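Before any comments, here is the structure.
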Amino acid sequence: MRTAPRSPDGAARPRRALALVLALVAITGGLAAVGLSVTRPGADRQPAGADVGSPSDLAASAAGYLRERRVEPLSGELRQVLSNPEKKSVPSEPHALLNQPAPTFTLVDTNEGPVEFGALLARGPVVLVFYYGYSCDHCVAQLFGIDKDLRYFTELGATVVGVGPDPSARTRERYAEYGAFHFPVLSDRERSVAARYGVFRPAAGDLPKWQAHGTFVIGRDRRVRWVNTGPEPFTDTVTLLRELAASEGRLPPAPEKGGP
């Protein structure tokens with residue numbers, strides 16, 4: 001008994017189905033190759049600007065940032081650092097808080113303990129450093145750089161304070177990876193303190209969120225004596241030390257020009 005011959009269309013269907021499967025496999029492979037993926041509704045997404053590298057990547061990037069700017073740890077006695085004629089200070093920028101009383105605040109440190117700004121000023125002048133968080137390599141590069149020169153700040157009786165939006169637990173995790181800074185780092189999760197210092201503005205209407213790096217030198221009299229804000233962190237430690245010394249009346253006299 002003969003079997004009836006299949007029609008040409010029937011014979012083509014398996015081949016078409018196979019071709020479709022192969023095409024889908026090829027497309028999927030291509031998406032994976034370029035790093036694209038389809039996210040299902042409600043799936044967790046990696047936040048913009050988050051640290052996606054290995055722990056060593058952030059530390060290496062921070063070190064590279066300092067090298068690019070030729071930032072090296074200071075050496076010698078404090079008086080020599082302050083009076084070095086080859087190092088020019090950076091003047092303060094205009095700012096609404098310049099020569100005004102600094103806003104007070106209380107924030108928690110990495111151990112969830114409250115830190116009151118007034119209590120810090122009772123011990124001496126303060127350098128406030130506002131940074132974007134530990135996912136920002138050049139932000140923490142500034143903190144790494146200051147930490148290496150911290151003995152000079154301590155000699156001037158000053159306290160350095162980092163202020164960022166990371167929760168305390170995240171900062172503790174980063175400390176476990178990179179080592180802790182030897183000065184307080186406070187959690188400003190709502191960025192309310194950053195807003196009071198003019199380095200953060202939340203989104204409103206058609207205006208997008210805006211933020212800036214900020215470094216403030218504040219005398220023990222609570223007056224803001226020097227300010228730097230902008231898209232890049234401030235890494236000139238000598239300028240900060242000179243401003244602190246001036247606030248304490250400890251800035252060495254400038255060397256006389258000329259001479260025998």
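The values are calculated or read from the model by the stated rules, or taken from the named source; none is laboratory data. Remember, it's a predicted structure, so these values are computed and weren't measured experimentally. Cβ coordinates were reconstructed from backbone atoms using ideal geometry, including for glycine residues, and neighbour counts include every protein chain displayed. What goes into the accessible areas is simple: the full protein's heavy atoms, side chains included, and nothing from ligands, DNA or RNA. Shrake-Rupley method; radii C 1.70, N 1.55, O 1.52, S 1.80 Å.
Starting from the Kirkwood Rh over alpha-carbon pairs, what translational D in µm² s⁻¹ does region 108-170 have by Stokes-Einstein at 25 °C and 0.890 mPa s? Working shown, then result.
Numbers: Rh = 12.7 Å.
Estimated diffusion coefficient is 194 µm²/s.
The simple Förster model, with R0 at 22 Å and r as the Cβ-Cβ distance, assigns A119 and S192 a FRET efficiency of 0.70. The tail of the calculated P(r) for region 70-181 beyond 22 Å holds 43 percent of all Cα-Cα pairs. For region 135-193, the solvent-accessible area of protein heavy atoms averages 38 Å² per residue (probe radius 1.4 Å; ligands and nucleic acids excluded). The C-alpha radius of gyration of region 88-139, expressed as a fraction of 2.2 N^0.38 Å, stands at 1.42. Counting only aspartates and glutamates at least 8 places from K87 when in the same chain, those with an alpha carbon closer than 12 Å to its own are D236. Using the average count of surrounding beta-carbon atoms within 10 Å as a protection proxy, the listed peptides 150-161, 167-178 rank, highest first, as 150-161, 167-178.
When each of the peptides 96-106, 210-220 is scored by how many other beta carbons lie within 10 Å of its residues on average, the order from highest to lowest is 210-220, 96-106. Annotation: amide H of V163 within the under-5 Å range of V129, F130, Y131, L186, sequence separation 5 or more or interchain, hydrogens built in the peptide plane. Debye-formula intensities of region 141-204, expressed as log10 I(q)/I(0) at q = 0.11, 0.23 Å⁻¹, are -0.31, -1.04 (one equal scatterer per alpha-carbon, no solvent).
Here region 119-260 exposes an accessible surface that is 50 percent carbon and sulfur, computed with a 1.4 Å probe and the other protein chains kept in place. Put simply, when 201-209, 71-79 are sorted by average Cβ atoms within 10 angstrom per residue, most first, you get 71-79, 201-209. Its alpha carbons give region 160-260 an Rg and a Dmax of 17.8, 66 Å. A compact globular protein would have a Cα radius of gyration near 2.2 N^0.38 Å; the ratio found for region 192-234 is 1.34.
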